[in-house]
Amino acid sequence: MIPKLARGIQPKPAVALFLVFLSSSLSNEFCSLNFIRCSYSADMTDAQALQIFRDTGALLEGHFVLRSGLHSRQFFQCALALQQMPIVEQLGAALAEKLRSLGAPTVIAPAMGGLVIGQEVARQLRARFIFAEKEDGKLVLRRGFKIATGEKFLVIEDVVTKGGRVQEAMEIVRAHGGVVAGVGMVVDRSNGSVNLGVPTFSLLRMNVETFGSDNLPTDLAQLPAIKPGSQ
């Protein structure tokens with residue numbers, strides 16, 4: 001912000017020219033930032049979302065044990081992409097637009113994976129945000145969070161393979177008298193095959209091969225297994 005000169009004081013010509021230039025530059029920069037922000041939309045394609053993961057190094061290759069217990073050659077480490085706030089805003093805005101018409105005033109996300117994207121979707125929708133967290137191996141509602149009878153919720157997650165944690169979060173909402181209006185996720189590894197019984201939206205759908213521990217292909221069995229996801 002450019003400070004105002006005291007009344008009656010006239011800047012020297014060189015100073016005045018610099019102030020005009022600085023004001024113009026700041027204005028152009030502000031417009032540029034606004035343009036970028038306004039360009040975020042629900043029209044993000046699978047290819048664009050996938051490119052974000054590749055550019056940020058968040059699409060890992062190797063031998064991974066997923067939260068579901070299945071094994072895979074690929075793993076989406078959303079935390080690597082979501083450490084950059086402009087990317088959080090971009091993905092959150094795109095996902096929020098897909099869910100906006102559902103009219104839910106509250107967002108819930110399972111910790112840890114859904115926390116960052118869940119809060120950003122809630123911010124974009126100007127909604128309340130709460131989260132469920134693990135206690136003795138299962139998701140529970142803590143920290144004084146309340147759910148009103150009939151309150152409509154969106155459940156937001158980062159990556160879904162079988163949808164187990166999303167279903168746990170949905171059960172928490174319903175057990176407290178709430179209503180699940182829909183589910184949003186950044187990556188749907190099931191390519192749409194997971195049926196959660198409510199409107200479901202994602203930014204990226206992929207049919208990623210998964211294998212049981214007793215049915216590993218030779219190339220995967222030869223690599224050490226890594227379990228990189230949240231607990």
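The values are calculated or read from the model by the stated rules, or taken from the named source; none is laboratory data. All figures in this text were calculated on a predicted structure; none of them were measured in a lab. No Cβ is skipped: glycine too gets one built from the backbone with ideal geometry, and neighbour counts run over all protein chains shown.
Inspect all residues belonging to region 162-169 and state whether any of them is buried (at least 21 other Cβ atoms within 10 Å of the Cβ) and either β-branched (V, I, T) or modelled with pLDDT of 95 or more (or both).
Within region 162-169, one or more residues are buried (at least 21 other Cβ atoms within 10 Å of the Cβ) and either β-branched (V, I, T) or modelled with pLDDT of 95 or more (or both).
Within region 161-203, can you find the residues that are free of Cβ contacts under 8 Å to residues at least 24 places away in the same chain and of a type in the set (S, T, N, Q)?
The answer is N191, S193, N195, T200.
Where residues in region 197-213 are at pLDDT 90 or above and among the aliphatic types (A, V, I, L, M), which of them is surrounded by the fewest Cβ atoms within 10 Å (Cβ to Cβ)?
V198
Residues being among the hydroxyl-bearing types (S, T, Y) and surrounded by 12 or more Cβ atoms within 10 Å (Cβ to Cβ): count how many of those fall in region 217-231.
1
Counting only residues that are under 30 Å from H71 (Cβ atoms) and in contact with a strand residue (DSSP E or B) (Cβ under 6 Å, 6 or more places away or on another chain), how many does region 123-160 have?
So the answer is 9.
Return yes or no: is F153 closer than 15 Å to H176 by Cα, touching a residue at least 12 places away in the same chain (Cβ under 8 Å) and either among the polar types (S, T, N, Q) or outside any loop (DSSP other than H, G, I, E, B) (or both)?
For F153, the condition - closer than 15 Å to H176 by Cα, touching a residue at least 12 places away in the same chain (Cβ under 8 Å) and either among the polar types (S, T, N, Q) or outside any loop (DSSP other than H, G, I, E, B) (or both) - is met.
Rundown of residues vs (1) assigned to a helix (DSSP H, G or I); (2) surrounded by 16 or more Cβ atoms within 10 Å (Cβ to Cβ); (3) charged (D, E, K, R), yes/no style:
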| residue | (1), (2), (3) |
| --- | --- |
| E171 | yes, no, yes |
| R174 | yes, no, yes |
| V183 | no, yes, no |
| N195 | no, no, no |
| N215 | no, no, no |
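Check off (1) out of contact with any strand residue (DSSP E or B) (no Cβ under 9 Å at 6 or more places or on another chain); (2) within 24 Å of L80 (Cα to Cα) for G184 and give me the number that stays unchecked.
Here G184 meets the rest and fails (1).
Which members of region 120-131 meet the condition of being without any contact (Cβ under 8 Å) to a residue 24 or more places away in the chain and surrounded by fewer than 20 Cβ atoms within 10 Å (Cβ to Cβ)?
Across region 120-131, the qualifying residues are R126, R128, F129.
Does V107 satisfy the condition of being of a type in the set (A, V, I, L, M) and part of a helix (DSSP H, G or I)?
Here the answer is no, as V107 does not meet what is asked.
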